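Working notes, structure below.
Just so you know, all these numbers are worked out from the coordinates, no wet-lab data involved. Computed from a predicted structure; not experimentally measured. In this analysis, Cβ positions are derived from the backbone assuming ideal geometry, glycine residues included, and neighbour counts consider all displayed protein chains.
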Amino acid sequence: MPARPLEIPRGILFDRNNCWVKITGSTALIGLTEYGQKIIGDILYLELFSAGTMVKKGEKVGSIESSKWVGTILTPLTGKVLRANDEVEANPRLVNMDPYEKGWLFLMEIHNAGELDDLMNSQVYEKWVKEQIGRRHEDEII
């Protein structure tokens, strides 16, 4: 049975760190994409910056640990963290089970709307993911 295609929702934006960004007015809800969580594996631990924290695009906004990887979560936008998802900190597997709904990571106030131009729409992200999968497959063959 072939693997089901990755879910890449329409109407949201994506970055090259495999974060998704859903814009509502001057706020952005941010999470890890299905592709991103599949690469990382089963997420065992999450620590997210608390409300009120100011972050610049590309800076650390949290830590993530899986059975095969430990790393940082980088924010795709500059702004202020309004709320971290306490549910995913308590149950990090929510990111694996439901990355686009219950598994969101944080809500932030956008301070530089021009940075949205650096993000990819779903069609561009889908093409980018296919390129990444191709590269990963080549690396496994070599």
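With each label modelled as a point 7 angstrom along the Cα→C-beta vector, the Lys130-Thr72 pair spans 3.3 nm. Over the chain, dividing the summed -39,500 (n - 2.57) contributions of all DSSP H runs of at least 4 residues by the number of residues returns a 222 nm mean residue ellipticity of -7500 deg cm²/dmol.
Pairs Lys22/Lys68; Lys38/Lys80; Lys68/Lys102; Lys80/Lys102: which exceed 26 Å Cα-Cα? In this structure, Lys22/Lys68; Lys38/Lys80 exceed 26 Å between Cα atoms. Here the residues Trp128, Trp69, Trp20, Trp104, ranked from fewest to most Cβ neighbours within 10 Å of their Cβ, fall in the order Trp69, Trp128, Trp104, Trp20. According to the Cα-based calculation, Rg over Rh for the stretch 85-125 is 1.09, with Rh computed by the Kirkwood formula.
Across the stretch 70-142, the fraction of Cα-Cα pairs farther apart than 19 Å, rounded to a whole number, is 57%. Using the Cβ-Cβ distance between Ile23 and Ala90 with R0 = 30 Å, the FRET efficiency computed as 1/(1 + (r/R0)^6) comes to roughly 0.65. Dipole magnitude for the chain: about 140 debye, using +1 per Lys or Arg Cβ and -1 per Asp or Glu Cβ, origin at the Cα centre.
Applying the criteria of a DSSP loop state and at most 12 other Cβ atoms within 10 Å to the GluC sites (Glu not before Pro) of the stretch 92-124 yields Glu101.
Fewest neighbouring Cβ atoms within 10 Å first, the residues Ile39, Ile30, Ile64 line up as Ile39, Ile64, Ile30. Here, P(r) means the percent of Cα pairs in each 10 Å bin from 0 to the largest distance; for the stretch 1-45 it is 24, 47, 25, 4, 0.
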